[in-house]
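Here the structure comes first, spelled out in structure tokens, and everything after it is commentary.
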Amino acid sequence: MRIVADKDVCVGAGMCALTAHDLFEQSEEDGTVVLVVERPADDRLHLVRRVVDSCPSGAITLADD
Amino acid sequence: MEQCPIALPFDRPGPFDPPRALAGLREQAPMTPLSFVDGHVGWLATGYEAARTVLADPRFSARRELMHVPLDLGFAHEIAGGPPEAGEFLRMDPPEHTRYRRLLIAQFTARRLKQLEPRIAEVTQTCLDRMEAAGSPVDLVREFALPVPSRVICELFGVPYARLEEFQNHLGTMVDTDAPGEEAMEAYTAFLEFLAGLIADKRKAPGEDFFSGLVDSGELSDEELTNIGFILFGAGFETTANMLGLGTFALLSHPDQLALLRGDPSLIDGAVEELLRHLTIIHFGPLRAALEDVEVEGALVRKGQVVVVSLPAANRDPKRFTDPERLDITGSAQGHLTFGYGPHQCLGQQLARIEMRIAFPALLERFPTLRLACAPEDVPTKDMMIVHGVKKLPVAW
């Protein structure tokens, strides 16, 4: 599974960086999402799903490839 | 036949629970036709999914000139009226809103706020020292719940300590419901002047603080900075203060939960989320207006209709939360909507979390025998304001 983060949609709420700070960071410039890990380990997927659910703008999705 | 629109339920049965009628409405349908003061008929969203949809769908607007007021309240002019002023990003939609949001959020990143933690811990200890020196019993709101966030805001805005007291007085009078209207108006004017002076100072000599960062961005006019500054004070100060006051009251009133937290301070992160969910201190709103016909959870919202989102009702939706009427600091409050949802979700939410995660444990540690110093029913609450809370909280130790 691959994490997809859309900076254009992101509103910089910081939920991702808060929930999984080893996978996501926030840009120092405009606070939008910066993906640290694109392909998380399987045991991290539950956390990524929480991030997908909690993102207020729908900027983060999981892709099947 | 169309359902008859209801008036917005507003009576809380106690300090910790939302109006009882909300649960019954939510059980019938997540969206209920709602009547407004000016005769407009819109909707009340009480279901969790309905609330998320309305707050996140770009077909719903936050612009003030599209709004109607659901209750006849003193702050109606903030909710509905003319178009937003320069910098009044709360009342704007993307992409106009996005420009401000990006500038602001850059100052509010999780990492940047993390750097503030040691200062927040110091500020908290200073306030606790003063509270202890004042001696039992004291009003916790005056000695702790208000001073902690107001001092933290001073840090963010780089307000010199010499002006701290002046600044706190303005803020205190503005949020004091017992202050006469004239006094509140004077404090408001004085505060705007104070803000203008602060902006001028930062233009000359920017510091390391968050407000200097905004001024120094070179992208915002004085008018924009004043309005933004005002919003940030309004949103970031009384809210956290009310959560600290009401949250302490809730913990003291739920001895089992208090004992759990005292026994295992590592529960604090979950406890903060649960207090945020359970207490949901926004009485009602946010409001959104449909820019076109939109179907929400089986309800057809017509173009121009206003939806009042009930965050307290959404946060107690049994379809989303297990045993939602109970305060359970070990439960899963994750996903609560207390900070809103969608592009306007609270800018300062991570700051508020950090403040509470530091302040509650520090308070409990300092006063192992902390207790209410009056009957629970004698604690005065803020019922007719935007943000719920306690006006005073007499405590002893």
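The values are calculated or read from the model by the stated rules, or taken from the named source; none is laboratory data. Everything numeric here is computed off the predicted structure, so don't read it as measured data. FYI the Cβ positions are ideal-geometry reconstructions off the backbone, even for glycines, and counts take in every protein chain you see.
Things worth noting here:
- Some residue of region B:19-30 being within 19 Å of the chain's Cα centre (by Cα) and either surrounded by fewer than 21 Cβ atoms within 10 Å (Cβ to Cβ) or within 16 Å of B:GLY285 (Cα to Cα) (or both): yes
- Taking region B:323-351 as the range and being more than 23 Å from A:VAL9 (Cα to Cα) and either modelled with pLDDT under 95 or within 9 Å of another protein chain (Cβ to nearest Cβ) (or both) as the test, the residues that pass are B:GLY331, B:SER332, B:ALA333.
- Test: A:THR61 is among the β-branched types (Val, Ile, Thr), farther than 18 Å from B:ARG102 by Cβ and facing chain B (nearest Cβ under 10 Å): no
- Scope region A:1-20; condition assigned to a loop (DSSP other than H, G, I, E, B) and facing another protein chain (nearest Cβ under 7 Å); matching residues: A:VAL11, A:GLY12, A:ALA13, A:GLY14
- Helices (runs of 4 or more DSSP H) contained entirely in region B:85-201, each with at least 3 residues that are more than 14 Å from chain A (Cβ to nearest Cβ) and among the β-branched types (Val, Ile, Thr): B:110-134, B:147-157
- Checking every residue in region A:38-56 against the condition of being closer than 22 Å to B:HIS336 by Cα, at the interface with chain B (Cβ under 9 Å from one of its Cβ atoms) and part of a loop (DSSP other than H, G, I, E, B) gives at least one match.
- When the residues of region B:47-83 are filtered to those that are hydroxyl-bearing (Ser, Thr, Tyr) and part of a helix (DSSP H, G or I), the one that is surrounded by the fewest Cβ atoms within 10 Å (Cβ to Cβ) is B:THR53.
- Flag for B:GLY335 being of a type outside the set (D, E, K, R), within 21 Å of the chain's Cα centre (by Cα), surrounded by fewer than 20 Cβ atoms within 10 Å (Cβ to Cβ) and not in a helix (DSSP H, G or I): yes
Residue-wise test of (1) outside any helix (DSSP H, G or I); (2) surrounded by fewer than 17 Cβ atoms within 10 Å (Cβ to Cβ); (3) among the aromatic types (Phe, Trp, Tyr).
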site: B:LEU252; (1), (2), (3): no, no, no
site: B:ALA259; (1), (2), (3): no, yes, no
site: B:ALA289; (1), (2), (3): yes, no, no
site: B:ILE329; (1), (2), (3): yes, no, no
